[in-house]
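See below for the structure under consideration.
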Amino acid sequence: KTVVVQPVLFIQGITGAQKTGVALQQVEFTAAYSSILQRAIDTTSHIIGQRPIPLFQHCGLNEQSFGSWEGMQIADLRKLTEFKQLTNDPAAYKALSNGGETFEQLAVRAMDALCDIIKVHQSGANILVVSHGHTLRLLLSLLGGATWENHRDESKSVSLLNTSISIVKYDSEIGFHIEQLNDVAHLQ
């Protein structure tokens, strides 16, 4: 039996999302997308506020599955070789002990989700995307030219802060360009 734990959004998350909404209030969003997890939906709703922006969920934006590790204490996991691979050597992490999702699987899923969103909306549309730490870090790294194997190298990515703002431009001929990454000035 699989038990899915749905962590709630605490006051710090709500406040951060509301501040993000204020920082983005001048952006005319065509749509907003979040993962199907309730805290991501709630975060997106707080960012949108009262604006009439349609909110869609896409399971491709869900956080990386950690299988049997989900709900366990990080202190216990840090002792495991496979956990060290997860955090330091994505190419070596095979998710064998936990039945979770590899970075390769996550990369395919997240990029497919992004492509689905692009197919739905016209060129030039502003789309708000709200997801989770591992998923966004990998996705932004891929868009910046990294691979799933090297995306955790310090020169390839950063650990994203909650409710930070990253801006990615997409052009069907040029591809993706990251204009802003992990900006938290609005949270100060």
Practice problem: Scan (1) in contact with a helix residue (DSSP H, G or I) (Cβ under 8 Å, 6 or more places away or on another chain); (2) under 30 Å from Ile11 (Cβ atoms); (3) outside any helix (DSSP H, G or I) for the single condition Pro52 breaks and write down its number. | Solution: (1)
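This table checks each residue for (1) crowded, with 19+ Cβ neighbours inside 10 Å; (2) in contact (Cβ under 8 Å) with a residue 40 or more places away in the chain; (3) in contact with a strand residue (DSSP E or B) (Cβ under 9 Å, 6 or more places away or on another chain).
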{"site": "Arg137", "(1), (2), (3)": "yes, no, no"}
{"site": "Trp148", "(1), (2), (3)": "yes, yes, no"}
{"site": "Arg152", "(1), (2), (3)": "yes, yes, no"}
{"site": "Ser155", "(1), (2), (3)": "no, no, no"}
{"site": "Ser159", "(1), (2), (3)": "no, no, yes"}
{"site": "Lys169", "(1), (2), (3)": "no, no, yes"}
{"site": "Ile178", "(1), (2), (3)": "no, no, yes"}
{"site": "Leu181", "(1), (2), (3)": "no, yes, yes"}
{"site": "Leu187", "(1), (2), (3)": "no, yes, no"}
Practice problem: Quick one: count up the residues across the range 140-188 that are of a type in the set (Phe, Trp, Tyr) and under 19 Å from Glu28 (Cα atoms). | Solution: 1
Self-check item: Matching residues in the range 150-172 - criterion: being over 20 Å from Glu63 (Cβ atoms), of a type outside the set (A, V, I, L, M, F, W, C) and in contact with an Asp or Glu (Cβ under 9 Å, 6 or more places away or on another chain)
Solution: Lys169
Quiz item: Which of the residues belonging to the range 76-92 are under 19 Å from the mean Cα position of the chain (by Cα), of a type outside the set (A, V, I, L, M, F, W, C) and farther than 18 Å from Leu143 by Cα?
Solution: Thr87, Asn88
Self-check item: In the range 46-75, residue surrounded by the most Cβ atoms within 10 Å (Cβ to Cβ) [restricted to those that are more than 12 Å from the chain's Cα centre (by Cα) and under 15 Å from Asn162 (Cα atoms)]
Solution: Ile47
Quiz item: Using beta carbons and a limit of 6 Å, which pairs, at least six apart or on different chains, have the first residue in the range 71-91 and more than 19 Å from Ser159 (Cβ to Cβ) and the second one loosely packed, with under 13 Cβ neighbours inside 10 Å and of a type in the set (A, V, I, L, M)?
Solution: Gly71/Val5
Quiz item: Quick check: is even one residue across the range 111-127 surrounded by 16 or more Cβ atoms within 10 Å (Cβ to Cβ), farther than 24 Å from Pro90 by Cα, in contact with a helix residue (DSSP H, G or I) (Cβ under 8 Å, 6 or more places away or on another chain) and touching a residue at least 60 places away in the same chain (Cβ under 8 Å)?
Solution: yes
Quiz prompt | helices (runs of 4 or more DSSP H) wholly inside the range 76-188 that include at least 3 residues being closer than 16 Å to Ser34 by Cα | solution = 103-120, 133-143
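For (1) over 20 Å from Ile117 (Cβ atoms); (2) modelled with pLDDT under 95, each residue gets a yes or a no:
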position: Val8; (1), (2): yes, yes
position: Val22; (1), (2): yes, no
position: Gln25; (1), (2): yes, no
position: Thr30; (1), (2): no, no
position: Ser34; (1), (2): no, no
position: Ala40; (1), (2): no, no
position: Gly49; (1), (2): yes, no
position: Pro52; (1), (2): no, no
Quiz item: How do the pairs read when you match residues in the range 40-63 that are more than 18 Å from Val108 (Cα to Cα) and among the basic types (Lys, Arg) with residues anywhere that are in a loop (DSSP other than H, G, I, E, B) and modelled with pLDDT of 95 or more, using Cβ under 8 Å and keeping only pairs 6 or more apart or on different chains?
Solution: Arg51/Gln25
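The values are calculated or read from the model by the stated rules, or taken from the named source; none is laboratory data. Given the structure is predicted, the values throughout are model-derived calculations rather than measurements. Every residue, glycine as well, gets a Cβ built from its backbone with ideal geometry; the counts of neighbours run over all protein chains shown.
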